[in-house]
Amino acid sequence: TVRQSAVISTATIINGLLGVAFYILTARFLGPENFGVLVVALTTLTLIADMAAIGTDTGIVKFVGQHYARDRAKALKFLKLGLEIKFIVGLAVLILGWIFVPFVAESLLTKPELIMPLRLAIIGAFATLLFTFATSSLQAIQKFWTWGAVNVSSNALRLGIVVVLFSFNLLNVDSVLALYILCVALGFVVSLFFLPNFFKAKNENTLAKEFLHYNKWVAAFIMIAAVSGRLDTFISTRLLSLRDVGIYGVATGLAVIGAQVVSGITTVVAPKLASMDTDRKAIDYLKKLQVLVIVLGVLAVVVGIPAGYFIIPAFYGAEYLASFVPLAILIVAQAIFLISIPAHSATIYYFSYPKLFVYISIVHLAIIGGLGWLLISSYGYIGAAITVLVGNVSNLLIPGIWVLRKFRSNEVTK
């Protein structure tokens with residue numbers, strides 16, 4: 001796990017650095033207000049993509065990871081079924097999203113200037129659905145080197161084209177979003193060459209009941225979590241100026257490196273836990289994993305906060321200095337999220353009980369929505385960062401307690 005996590009974590013760190021470079025260039029060139037528009041559009045894009053996935057990515061990792069070594073034909077059926085679901089849902093989202101964007105921009109966010117960027121975000125969400133199908137499939141069959149290469153090359157291409165647009169003074173919100181869509185779509189197409197040929201699989205619909213039964217709880221908690229995980233940005237958009245949203249966007253953009261490390265480790269851990277068949281194996285594995293993530297969490301805080309203090313004025317410019325305080329808070333929040341990986345992964349992939357995260361996500365949504373509205377109204381983007389921190393603490397404690405009680409209950413039963 002350490003070796004494979006190192007591969008994935010290295011790729012995600014490179015991705016994070018490429019992402020930071022991307023946000024630095026766009027933030028400096030666009031300025032806080034237009035950068036705020038970009039932040040809202042990209043936040044909407046990822047929100048819709050996460051919700052529209054309806055748990056398919058997690059289902060692919062679970063079922064393809066479970067059957068790939070023992071029953072290849074069945075695993076390929078799950079792959080084909082997953083792509084079919086994503087494509088159909090993606091088309092529905094594209095059509096409905098295009099229609100309802102004006103209402104969202106004008107009535108909910110009270111920012112009519114967001115209509116075109118949000119429509120581009122809808123297209124980007126469809127492309128992202130296909131891209132995440134490919135990456136979750138690579139994860140399920142444990143092609144971690146390929147997973148890393150696809151992600152890094154996609155982000156590197158995006159950054160390279162941004163540099164070109166920047167050089168020719170062609171960088172604006174719409175061109176950045178179009179570029180994002182292009183790179184994600186190319187990433188999906190390239191990934192298909194590294195996956196087994198699942199298009200020839202037949203009778204994949206016979207697995208739909210099993211696949212969707214598992215996915216329904218995953219879909220429920222992912223949809224709620226997708227909203228609660230980005231609600232701070234949308235509340236900020238409603239209550240604050242787009243300039244303030246841009247300031248907060250710099251903080252969230254830098255803090256996302258921590259989230260990518262979490263994603264990288266989970267990429268390795270998920271299929272391994274899904275394949276384990278005894279509590280003893282799982283407990284031994286989770287103990288080692290917990291030590292690893294605690295060490296990484298502490299390092300993130302000790303190194304990340306001082307680094308942020310120098311990075312913001314040096315790279316983003318003096319007009320983004322106010323981003324440091326929310327960044328420091330968000331780094332602590334991401335460290336807590338990192339430490340929660342073992343509990344989250346054990347619940348979903350070992351105990352196969354994603355239903356718990358529906359309740360956890362509802363609690364988290366209440367925290368972000370209720371506490372977030374109060375804190376953002378009073379303290380602006382600093383209140384938004386504090387809300388994220390409180391939410392991540394709840395996401396650590398609830399599943400952590402549940403997993404410990406579950407293992408102890410199993411011991412008593414035995």
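The values are calculated or read from the model by the stated rules, or taken from the named source; none is laboratory data. The model shown is predicted, which means the values in this text are computed figures rather than measured ones. Counting neighbours? That spans all protein chains shown, and the Cβs are built from the backbone with ideal geometry, glycine included. In case anyone asks, the SASA skips ligands and DNA or RNA and just uses the protein heavy atoms, side chains included. Shrake-Rupley method; radii C 1.70, N 1.55, O 1.52, S 1.80 Å.
Checking the condition surrounded by fewer than 19 Cβ atoms within 10 Å (Cβ to Cβ), over 18 Å from the mean Cα position of the chain (by Cα), within 24 Å of Val93 (Cβ to Cβ) and at pLDDT 80 or above, which residue from Ala156, Ala178, Ala208 passes?
Values: Ala156 fails: within 24 Å of Val93 (Cβ to Cβ); Ala208 fails: at pLDDT 80 or above.
Of Ala156, Ala178, Ala208, the one residue that is surrounded by fewer than 19 Cβ atoms within 10 Å (Cβ to Cβ), over 18 Å from the mean Cα position of the chain (by Cα), within 24 Å of Val93 (Cβ to Cβ) and at pLDDT 80 or above is Ala178.
Kindly provide the set of residues from the stretch 45-88 that are over 19 Å from the mean Cα position of the chain (by Cα) and among the β-branched types (Val, Ile, Thr), ordered by number.
Answer for the stretch 45-88, where residues must be over 19 Å from the mean Cα position of the chain (by Cα) and among the β-branched types (Val, Ile, Thr): Val64, Ile85, Ile88.
Among (1) closer than 15 Å to Leu42 by Cβ; (2) open to solvent by less than 10 Å² (accessible area, probe 1.4 Å), there is one condition Ala134 misses while meeting the rest; what is its number?
The failed condition is (1).
Search the stretch 159-203 for residues being touching a residue at least 24 places away in the same chain (Cβ under 8 Å), outside any helix (DSSP H, G or I) and aliphatic (A, V, I, L, M), and hand back the single one that is farthest from Phe133 (Cα to Cα).
The extreme case among them is Leu171.
I want to confirm something. Restricting to the stretch 10-42 and keeping residues that are among the polar types (S, T, N, Q) and open to solvent by 20 Å² or more (accessible area, probe 1.4 Å), which single residue is modelled with the highest pLDDT?
Filtering the stretch 10-42 for residues among the polar types (S, T, N, Q) gives 10, 12, 15, 26, 34.
The next check asks that each one be open to solvent by 20 Å² or more (accessible area, probe 1.4 Å); those that pass are 10, 34.
Details: Thr10: 73, Asn34: 91.
In this case the residue turns out to be Asn34.
Grab the helices (runs of 4 or more DSSP H) fully contained in the stretch 310-414, keeping just those with 2 or more residues being open to solvent by 60 Å² or more (accessible area, probe 1.4 Å). Spell out how you get there, then give the answer.
On the way: elements: 324-339, 341-345, 355-366, 372-379, 381-413.
The qualifying helices (runs of 4 or more DSSP H) are 324-339, 355-366, 372-379, 381-413.
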